[in-house]
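Below: the structure, in structure tokens.
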Amino acid sequence: MRYETAENQIKEKIEEADAVVIGAGAGFSTSAGFVYNGERFDKYFSDFRKKYGFSDMYSGGFYPYKTLEKHWGYWCRYIYINRYMDAPKPVYQNLYDLVKEKDYFVLTTNVDHCFQKAGFAKNRIFYTQGDYGLFQCSEPCHKKTYDNEETIKKMVLSQGFRIKDGELQKTEDGEIKLTVPTGLIPYCPRCGKPMSMNLRSDQTFVEDEGWHQAAERYEKFIQDHKKQKIVFLELGVGYNTPGIIKYPFWQMTNTFQHAFYVCLNQGEAYASAEITRKSVYMNEDIGEILKEL
């Protein structure tokens, strides 16, 4: 299928749709400039690279730091730049402009909160894998999460950074610390164990009340629209967790009479054989395609 034709078809299908279900994976945030290595890593973590030898943010997140002061010294920066700073490119805003007049719902494995920052309604988003902006008990002794913005800001400021217009900046002469003060380490208000991030990496992940409500809203949205013209718009979803977005989207496109599947993913766009006639996919940069649309 020719490039222009695919774009025209996507545009037309979204315009005609009664509902749009967006499924977004890590590749979507990457297209918005949230990259975890290279220049962006060096800008904020060159001191960690020097001391510990890792060269990307993911490796730093899994490193077994010997103290909680060092652990949070790393994680406070990681959280601040990936959750509280805006994405370098307006890819999320462009998507919002494309669907804001439609009846939409977002299902995402991303934990960086970019959808809400771009204007998407909170009650139309289901973050399945957690949120960089939330703490939970590491045990966990109870199923509740806690907003971490205030604590994270105190932590990065304690390291010698300053925050200007939301951006994390190094001061001209100040030395940057790799740790945070003991007094800023977060502990569970109920059992006193250390807090951890609300990210699905093992069986300790807390699905709080908000998580379950979002899951119900998503399920209701699908049921309410399954007999209508519905577009499943998949963006940057790889094969790490295809059972959350990709495979269900294929299945529903196949089952629902008026469903159509769109897949945008640089180098990894694909649709299963059963739905070839009800789908279009593009192996281009997602940000560029959305700009065109």
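The values are calculated or read from the model by the stated rules, or taken from the named source; none is laboratory data. What you see is a predicted model; the values in this text were computed from it and never measured. Cβ: placed from backbone, ideal geometry, glycine included. Neighbour counts: every protein chain shown. These area figures cover heavy atoms from the full protein model, side chains too; ligands, DNA and RNA do not enter into them. Shrake-Rupley method; radii C 1.70, N 1.55, O 1.52, S 1.80 Å.
Couple of notes before you dig in:
- Single residue of the stretch 136-176 satisfying the filter (outside any strand (DSSP E or B) and touching a Gly at 6+ places or on another chain (Cβ under 7 Å)) that is farthest from N240 (Cα to Cα): G174
- Residue check, S59 surrounded by 11 or more Cβ atoms within 10 Å (Cβ to Cβ), in contact (Cβ under 8 Å) with a residue 40 or more places away in the chain and small (G, A, S): no
- Number of positions in the stretch 228-254 that are outside any loop (DSSP other than H, G, I, E, B), in contact (Cβ under 8 Å) with a residue 12 or more places away in the chain and surrounded by fewer than 17 Cβ atoms within 10 Å (Cβ to Cβ): 1
- Subset tally (residues that are β-branched (V, I, T), outside any strand (DSSP E or B) and either open to solvent by less than 10 Å² (accessible area, probe 1.4 Å) or touching a helix residue (DSSP H, G or I) at 6+ places or on another chain (Cβ under 6 Å) (or both)) for the stretch 255-293: 3
- Residue within the stretch 140-149 that is modelled with pLDDT under 95 and open to solvent by 60 Å² or more (accessible area, probe 1.4 Å) present: no
- Neighbours by Cβ (under 6 Å, 6+ apart or cross-chain): first from the stretch 182-197, among the polar types (S, T, N, Q); second assigned to a loop (DSSP other than H, G, I, E, B): S196/S138
- Scope the stretch 118-133; condition touching a Phe, Trp or Tyr at 6+ places or on another chain (Cβ under 8 Å) and open to solvent by 40 Å² or more (accessible area, probe 1.4 Å); matching residues: R124
- In the stretch 164-181, the residues that are free of Cβ contacts under 8 Å to residues at least 24 places away in the same chain and either of a type outside the set (G, A, S) or open to solvent by less than 20 Å² (accessible area, probe 1.4 Å) (or both): K164, D165, Q169, K170, T171, E172, D173, E175
- Residues being among the β-branched types (V, I, T), in a helix (DSSP H, G or I) and closer than 30 Å to T204 by Cα - total across the stretch 78-135: 2
- When residues of the stretch 71-101 are limited to those that are among the basic types (K, R) and buried (at least 19 other Cβ atoms within 10 Å of the Cβ), the one nearest to Y58 (Cα to Cα): R77
- Matching residues, the stretch 90-119, being among the aromatic types (F, W, Y) and within 21 Å of E288 (Cβ to Cβ): Y92, Y96, F115
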